[in-house]
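Have a look at the structure below before the remarks.
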Amino acid sequence: MIKREAYEELEKRYGDIASWAIWAPGEDDEESSINIEDMSVFDEPDLLDKIHSDFVIIGLNPSKDNPKKDKYDGSWWMFHMGKNDHKLRYAFTDTPIWGAYMTDLYKGQFAGTEDKLSVNDELIKSAIKELKKELTILGGKPKLIALGNQVRDVLEEHLSDEYEIYRMYNHGYRFKPIEYWKEQTLEILEELGL
């Protein structure tokens, strides 16, 4: 559960570049991308009871400026419009990670692949500073789940004295079956004793 004040502050500052690990259910086939863009979950009156600060999922950067967001003028569209976002829904469904806060390390740095992302010490310093602001607003002591090695490496270098850090493959990785993301989720939860 999230306090309304924290939710509103996060939405005000990050509503167009972050989200929550909560999606409308798919139809029949839990592996499909059906309903992944259904944003009505954020209009439910009990939303604040479903989201939490126990975990934060951190991607590297937005893969691209998604034109699908133009069909939706509300907040929290990130991680709900991409072609691989259904992998995260599948991975987190029926787990304690469902409802976690989701953000990117390098906000506003659009790149289709990580090798096209230009990273330097100044960008890393700025990104960590901004992430710390987000985590402060969120509150609690979340466990951080890095989507990919590059994110994990930066988080471990700069935040490992403050947070527990875990890694999953980036959901944009296309050479693994969708079940792989669920397996990674369950391995993290097993390691935590959850």
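The values are calculated or read from the model by the stated rules, or taken from the named source; none is laboratory data. None of these values were measured; they are calculated from a predicted model. In this analysis, Cβ positions are derived from the backbone assuming ideal geometry, glycine residues included, and neighbour counts consider all displayed protein chains. Ligands, DNA and RNA are excluded from the accessible area calculation, which covers all protein heavy atoms including side chains. Shrake-Rupley method; radii C 1.70, N 1.55, O 1.52, S 1.80 Å.
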- request: Take the Cα radius of gyration of the chain and divide it by 2.2 N^0.38 Å, with N its residue count; two decimals is plenty.
  value: 0.95
task: With the cut-off at 15 Å, report for region 126-186 the share of all Cα pairs above it, as a whole percent.
output: 55
message: Can you give me the distance in nm between label points at Asp16 and Glu190, each placed 7 Å from the Cα along the Cα-to-Cβ direction?
response: 4.3
query: Expressed as a rounded percentage, what relative contact order does the chain have, with Cα pairs under 8 Å and six or more residues apart?
result: 27
- request: Would you tally the net charge around Ala6, using a Cβ to Cβ cut-off of less than 13 Å, leaving Ala6 out, and scoring K and R as +1, D and E as -1?
  value: 0
query: How large is the accessible surface per residue of the chain, computed with a 1.4 Å probe and reported in Å² as a whole number?
result: 52
- request: May I ask which residue of Ala146, Ser19, Ile128 lies farthest towards the positive end of the charge dipole of the chain, with charges of +1 (Lys, Arg) and -1 (Asp, Glu) on Cβ and the Cα centre as origin?
  value: Ile128
- request: Taking amide H positions as placed in the peptide plane 1.01 Å from N, state which residues far from Asp38 in sequence (5 or more) or on other chains have amide H under 5 Å from it.
  value: Ala24
query: Of the accessible area of the chain, with the probe set at 1.4 angstrom, what percent is carbon plus sulfur?
result: 45
query: Amide H neighbours of Asp104 under 5 Å, counting only residues 5+ apart in sequence or on other chains, H built in-plane at 1.01 Å?
result: Gly59
message: Which entries of Lys12/Lys129; Lys12/Lys83; Lys87/Lys133; Lys107/Lys133; Lys3/Lys50 have Cα-Cα distances beyond 22 Å here?
response: Lys12/Lys83; Lys87/Lys133
- prompt: Could you give the longest part of the chain that holds none of the GluC sites (Glu not before Pro) found in DSSP loops with at most 15 neighbouring Cβ atoms within 10 Å?
  reply: 32-161
field: region 7-18 - phi-based ³J(HN,Hα) in whole Hz, Karplus 6.51/-1.76/1.60, Gly and Pro as x
entry: 4, 5, 5, 4, 5, 4, 8, 10, x, 9, 9, 9
message: Test of understanding: given the chain, find the longest segment containing no trypsin sites (Lys or Arg not before Pro) that are in a DSSP loop and have at most 15 other Cβ atoms within 10 Å.
response: 84-173
